[in-house]
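Structure record follows, encoded as structure tokens.
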Amino acid sequence: MAIPRVLVLRAPGTNCDQETAFAFERAGGRAEVVHVNRLLDDPQIPCDFQVLCIPGGFSFGDDVAAGKILANLIRHHLGAVLAEFKAAGKLILGICNGFQVLIKSGLLLDDGNLGPPATLMWNDSGKYEDRWVRLLAEPEKCVFLRGIDGLELPVAHAEGKFVARDPAALARLQDQQQLCLRYAGSENGSPLSYPDNPNGSQADVAGVCDPSGRVFGMMPHPERHIDPTHHPQWTRRPPAESGDGLQIFRNAIAYFQ
Amino acid sequence: MTLWEIDIHPAQGLPDSAGQRVAADAADLGLGRNLAIRAAHGYLLQGDLDRAQVEWLASQLFSDSVVERTVVAPVGDAVLSQTPDPAAGSPSLIHVLRKPGVMDPVAQSAAQAIADFNVTVDAVRTLRKYWITGLDPATVPQFGSKILANDSIEQLVMGPLELTELHVGSPHQFQLVTVPIRELQDDALLQLSREGQLYLTLVEMQTIRQFYRDLGRDPTDIELETLAQTWSEHCSHKTLAGRIAYRDDRGEQHFENMLKETIFAATQEIRRRLGKDDWCVSVFKDNAGVVRFDDDYHVVFKVETHNHPSALEPYGGANTGIGGVIRDPMGTGMGAKPVCNTDVFCFAPPDTPADQLPPGVLHPRRVMKGVVSGVRDYGNRMGIPTVNGAIYFDPRYLGNPLVYCGNVGLLPADKAEKQPRAGDWIVAIGGRTGRDGIHGATFSSAELTSESETLSGGAVQIGNAITEKMVLDVLIQARDRGLYHAVTDCGAGGFSSAVGEMGEEIGAEVWLERAPLKYEGLTYTEIWISEAQERMVLSVPPEHWEEFAELCRSEDVEATIIGRFESTGCLELKYDGHTVGQLSMEFLHDGRPPVVRSAVFEPPPVQLLTGIDGAPRPEPQDDDAASILRAILGSLNVASKEWVIRQYDHEVQGGSVIKPLVGVANDGPSDAAVLRPVISSRRGLVVACGMNPHYGDLDPYHMAASAIDEAVRNAVAVGADPQRIALLDNFCWGYTDRPETLGSLVRAALACHDVAVALGTPFVSGKDSLNNEFSYEDEQGKRQTISIPPSLLISALGQVEDVRQCVTMDLKQPGNLIYLVGTTRDELGGSHFALVGGLTGGQVPVLDPRMAAKTYAAIHAAIRNGWVRACHDLSEGGLAVALAEMAFAGGCGASIGLDAAPHQVEATAAPSLETVLMFAESNSRLLCEVSPDDRQAFEASLDGVPHARIGQVTDDGRLTIRTAEDPQSRLILQADVYELKEAWQKPLRW
């Protein structure tokens, strides 16, 4: 079986591309970082890849709104080729800024009559924050979360509050098992408050997949927890093989093997 | 042509967080309670657009229909002024706009995004607007400038916006300006220096006058400006690298070059001693110091200050401070990749009453918030983790806050050398040149006054991090393809400094009209000295130009040939074919007249520790110790900085190992940060710092020695190899023309020499910022001056062989043993015990550098062997604070007996022995948690170093300190660790 190829898309202001590519390579893939201008020049480039990843950062400075300008470029210039990519059964992952881009570009959630059914807006705290969170996964649908129940990862963002257009839109996403990654507290059951839910997301949503489970966007950074020494409490724990986030990349690669 | 406005409001039913935050800020500063504020942000679009196009842009680009609604109309339309809150009555409306020419990154990106839709606009600007209810309309303008806007970069418009077009600059009419300097008398020379913002001394002006008399012509304005930039304190460090006649209690000393003979000399001595094991690569030469990391890479480190701009515009000053220092590693060797940032700030206490501020001073709370957001927004956008820092508070930083920004870079070992060659193109890449930042270099060398804002507004800038990130992306690719011979950053002095330095050994011709401009209308001199951000200058050989230009084009980075290096030994400046300046490199770089400055230091006699009224302080009573501990934990220097730290991305690039906050709840104060700069390797970098302005009031020698010891101690505490620690010095001082002020600085530099040599920790780079004083007229019309305390920041860059050896400071396991390493002395002078008790005098901590070196070697061996489960340094607040921090970070208790602690305290000491042991800030001390299984190995490895087991980790959640470990002995302090944590977290939990 050929080694799956991963296209890590970067734009001006993208800044997690190197470590994200490294995580895919650690997981057994072959990753290449490609500037969005190359895709605009030659929209056929993604055809040679099995996985597309839009990594974290501040694409175009997050000016106007986080991920908005890159999302518009994708929506208006690369929509057709990426729809084809999706239809071919390939995988798309958006991390942090990549999630913001996916949700605003229409690649992750189809527009309804009123426009996109959900978005990511400013954190309730009103500021950028870097902190570790506990997460609960619902692995039934999402390819990237197979075999994962819970994991610990850092979030690092200012605009990560998941908000649906209305209660009906939220219920629909819920019914279709698309709200597949959620913030969790130290004890299960009780409603979350800050900082367990670090940004005020509705229904504690940290990640969302499309109805096929092959397109996935998440605010936390799995590439920042592939090594045991990434964890803030590794000096308190017995030695481990790898970090929690690595499984997400392994799942993407294993899907093609 | 219509000027359109698009306003963005929260969607119906959603809270207006921006408005609420402004109301909260106002309440914090005591400028109005119960205000109802509604906020919106917006865009002004100028161009041939119809309503349908603008509405389409509003919905597709500028707003998010899930959470926002828009109002679109031509500027001036009444609908734009309507309050979003129908219940508000008739609120006051205020608009905030950036002044013309001030960087507006959002507007730049928006213009580009509009172009992506094939829509053409001439200009875009952003704005913010506020509807305020509950404020006396007469006080609205004052409210606006205190809360909403900063006059140095923004303008306020009260009521509806009445604007017909956006100003985009007007064409420049070339006119050559000469300055008739040859005829000027001395007083006129001084006037020219001051009014032209050259800030040169009389002797320097006389030297220039003589030079032009000999040449038989007058200088052009651009020549004079070039000399002022190059000879400025900021660029040439003429004071500290100059001649100084110094006198102290040990006698007189004459320096030809003070820095070279103290700090630099220490490095040379260490390198000589290391011989073939020398791991320094390039020191005090390039834009940053360079040391070896592993076989493939070097690391480079630089810390700069951006004090004066941050005083006037905290956000922009700090923003461009971090942006500027990141360009130092990028401009070191053939260009290093930035891998982490460090930031240290000094502010006045944030609870300073707003009505007690001198004129021209921003409230320290506002300064702090602005500085933190400025660093956050630039560092995070650059994708560089901000891993280390500190904040110090003292009322003397009121008019003159300090903002130290540092950056570490990773440089391939074969890319350390650069050499521009004659015939190479001089190429500018990155941001465009504007009028912003004119006179930054000379301004930063001047003293601040309450009028500085009006005089020097041009020196204040806002950065655009994404432009710099794009420059970095192409720079690293071009470096690895070998497309250029040299690179340097455009910092203070702009092209003038960058080209002047690069061409120093060769000569250069520059065609100023070619520089891409943000807007029309700049004179040739403004182009030459503008300090516009995000620009780098490269020396590109003609054969690589096309490939280089194509690479830049492919990533939308602007690259322009602005001249050529020529082997003329001369700097020739042209504008549209006219020669506007011609200077010999020799006069430019070596023509500055040497000045002998005098410096004096008289050590103040050591006073007994007393209250400010001189009365001896009564001995603490039984339950005092716990409340003193809580007071120190809650004092601003010690208190948790989590509010700041969490706003920085400290994990991007995927190499984080020891984070700034550690422990069972991820909130304990780490001694230093550790990261893996090469993601596939286990080798680590350690970043730490040390500073204690309070010791400087007693003796700057011991202050400097203690700062070095603290920086090294912090690095060693997490696992750094003490044989591989490089240091940086950053001196921020008062007015050094005063011999006593300069004397205290020389005294500190002497300590830097002595301690660096003894510890084997070379200084590899440094920077100074002098004349940090603030003058104003008080209510009686009397001139008052506030000088900052001597503020020496020592930054340490350590290395660790395998990051899995690192330790953190949080207690790990009940039953483990707690060891105190190092000797405690009666050293409460300048301590936090004295600070919270309102005491003066006392003995400042001194350093035994030989014992320090021995201690760090022993601790490192113990850590490397895995015998240390937790390690924490003793600094502000001494033993009691360090124990409390370790306990609450680990969620454990600790039971301590003081009698075993190694100490040298005279029986007659004024405070009791217990007080000294708990709160003295003696140097070179650390606490270690050791498993009982490793007890013997640990103790053996500390042979020859004072150490003692003083207690153990408990599971009772309490810190208990007794005179001895025996539970029957006298109880001195007992406190719940969660209460101690609360005392530590509360003050700055904003």
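Normalised by residue number, the volume inside the convex hull of the Cα atoms of chain B is 182 Å³ per residue. Averaged over peptide A:105-118, the number of partner chain Cβ atoms lying within 10 Å of each residue's Cβ comes to 1. Given +1 at the Cβ of Lys and Arg, -1 at the Cβ of Asp and Glu and no other charges, the dipole of chain B around its Cα centre is 1040 debye to the nearest 20. Once all protein chains are placed together, B:S584 keeps about 40 Å² accessible to a 1.4 angstrom probe.
Rounded to two decimals, the Cα-based Rg/Rh of region B:615-725, with Kirkwood Rh, is 1.06.
Please report, in debye to the nearest 20, how large the charge dipole of region B:832-990 is about its Cα centre when each Lys and Arg carries +1 at its beta carbon and each Asp and Glu carries -1 there.
Value, rounded to 20: 280 debye.
The mean number of Cβ atoms from other chains found within 10 Å of a Cβ in peptide A:165-172 is 1, as a whole number. Of A:L70, A:L135, A:L39, the residue with the greatest mean-square motion in the GNM of chain A, using alpha carbon springs below 10 Å, is A:L39. Remark on B:I972: its backbone amide H falls under 5 Å from those of B:I961, B:R962, B:T963, a criterion applied only to residues 5 or more positions apart or on other chains, H modelled at 1.01 Å from N. Axis of helix B:265-274 versus longest Cα principal axis of chain B: the two differ by about 60°, to the nearest ten degrees. When the Cα positions of B:N923, B:V471, B:L633 are compared along the charge dipole of chain B, B:N923 comes out farthest toward the positive end, with charges on each C-beta of Lys, Arg, Asp and Glu.
Under 5 Å between amide hydrogens, built in the peptide plane, is the criterion, and for A:A118 it picks out A:R165 among residues at least 5 positions away or on other chains. Taking the longest Cα principal axis of chain B as reference, the axis of helix B:465-480 is set at about 80 degrees. With Cα atoms defining each centre, region B:777-810 and region B:379-421 are spaced 13 Å apart in the structure.
Just how large is the dipole of the protein assembly as shown about the Cα centre, in debye to the nearest 20, putting +1 at every Lys and Arg Cβ and -1 at every Asp and Glu Cβ?
Values: 107 positive and 163 negative charges, 368 e Å.
Computed charge dipole of the protein assembly as shown: roughly 1760 debye.
A simple rule links phi to the HN-Hα coupling: the Karplus curve 6.51 cos²θ - 1.76 cosθ + 1.60 with θ = phi - 60°, which for region B:209-215 gives 4, 5, 4, 6, 4, 5, 6 Hz, with x for Gly and Pro.
Remark on region A:1-40: accessible area falls by at least 50 square angstrom from chain-alone to full-complex state for A:R10, A:P12, A:N15, A:E19, A:F22, A:N37, probe 1.4 angstrom. Once you keep just the Cα pairs under 8 angstrom separated by 6 or more residues, what percentage relative contact order results for chain A? Relative contact order for chain A comes out at 19 percent. For B:F763, nonlocal amide neighbours, meaning residues 5 or more places apart or on other chains whose placed amide H falls under 5 Å from its own, are B:T267, B:L727.
How large is Rg/Rh for region A:5-254, to two decimals, with Cα atoms and a Kirkwood Rh?
Details: Rg = 16.8 Å, Rh = 17.9 Å.
Using Cα coordinates only, the ratio equals 0.94.
The accessible surface of the protein assembly as shown, taken with every protein chain in place and a 1.4 Å probe, is 47 percent carbon and sulfur.
Quick one: accessible area per residue over chain B, 1.4 Å probe, rounded to a whole number of Å²? Mind showing how you got there, number by number?
Details: 34610 Å² over 990 residues.
Heavy-atom accessible area per residue stands at 35 Å².
For region A:1-67, the solvent-accessible area of protein heavy atoms averages 32 Å² per residue (probe radius 1.4 Å; ligands and nucleic acids excluded).
In region B:772-823, a dipole from Cβ-located charges (positive for Lys and Arg, negative for Asp and Glu) runs towards its positive end, and of B:S787, B:T808, B:N772 it is B:T808 whose Cα lies farthest in that direction. For region B:349-356, the Karplus equation 6.51 cos²θ - 1.76 cosθ + 1.60, evaluated at θ = phi - 60°, returns couplings of x, x, 9, 4, x, 4, 7, 9 Hz by residue, with Gly and Pro reported as x. For the protein assembly as shown, with equal point scatterers placed on the C-alpha atoms only and solvent neglected, what are the log10 I(q)/I(0) values from the Debye formula at q = 0.05, 0.09 1/Å, to two decimals? Scattering profile of the protein assembly as shown, log10 relative to I(0): -0.34, -1.20.
Relative to the compact-globule scaling 2.2 N^0.38 Å, provide the ratio for the alpha-carbon radius of gyration of region B:827-880. Can you show the working numbers first?
Working: Rg = 14.9 Å, N = 54, 2.2 N^0.38 = 10.0 Å.
Ratio of Cα Rg to 2.2 N^0.38 Å: 1.48.
Within the shell of other residues whose beta carbon sits under 10 angstrom from the beta carbon of B:S496, the net charge comes to -3, with Lys and Arg scored +1 and Asp and Glu -1. Electrostatic tally near B:G690: other residues with Cβ closer than 10 Å to its Cβ, Lys and Arg +1, Asp and Glu -1, net -2.
Could you tally the net charge around B:A188, taking each other residue with its Cβ under 14 Å from the Cβ of B:A188, Lys/Arg +1 and Asp/Glu -1?
Values: positive: B:R182, B:R194, B:R209; negative: B:E183, B:D186, B:D187, B:E195, B:D218.
Overall, the nearby charge balance is -2.
Taking the DSSP beta bridges in the protein assembly as shown as the whole, what percent of them are antiparallel, to the nearest 5? Antiparallel: roughly 75 percent of the beta bridges in the protein assembly as shown.
Provide a whole-number value for the mean count of partner chain Cβ atoms within 10 Å of the Cβ atoms in peptide B:395-408.
Numbers: counts 0, 0, 0, 0, 0, 0, 0, 0, 0, 0, 0, 0, 0, 0.
Neighbouring Cβ atoms belonging to other protein chains average 0 per residue here.
Could you state the angle between the C-alpha long axis of helix B:186-195 and the longest principal axis of the C-alpha atoms of chain B, as a value from 0 to 90 degrees rounded to the nearest 10? The angle comes out near 90 degrees. For region B:16-30, putting each phi into the Karplus relation 6.51 cos²θ - 1.76 cosθ + 1.60 with θ = phi - 60° gives couplings of 9, 5, 4, x, 5, 5, 4, 4, 5, 4, 4, 5, 4, 8, x Hz, in residue order, rounded to whole numbers and with x for Gly and Pro.
The values are calculated or read from the model by the stated rules, or taken from the named source; none is laboratory data. The model shown is predicted, which means the values in this text are computed figures rather than measured ones. As a convention, Cβ positions derive from the backbone with ideal geometry for all residues, glycine included, and neighbour counts pool all protein chains shown. Just so you know, the surface numbers come from the protein's heavy atoms only, side chains and all, with ligands and any DNA or RNA stripped out. Shrake-Rupley method; radii C 1.70, N 1.55, O 1.52, S 1.80 Å.
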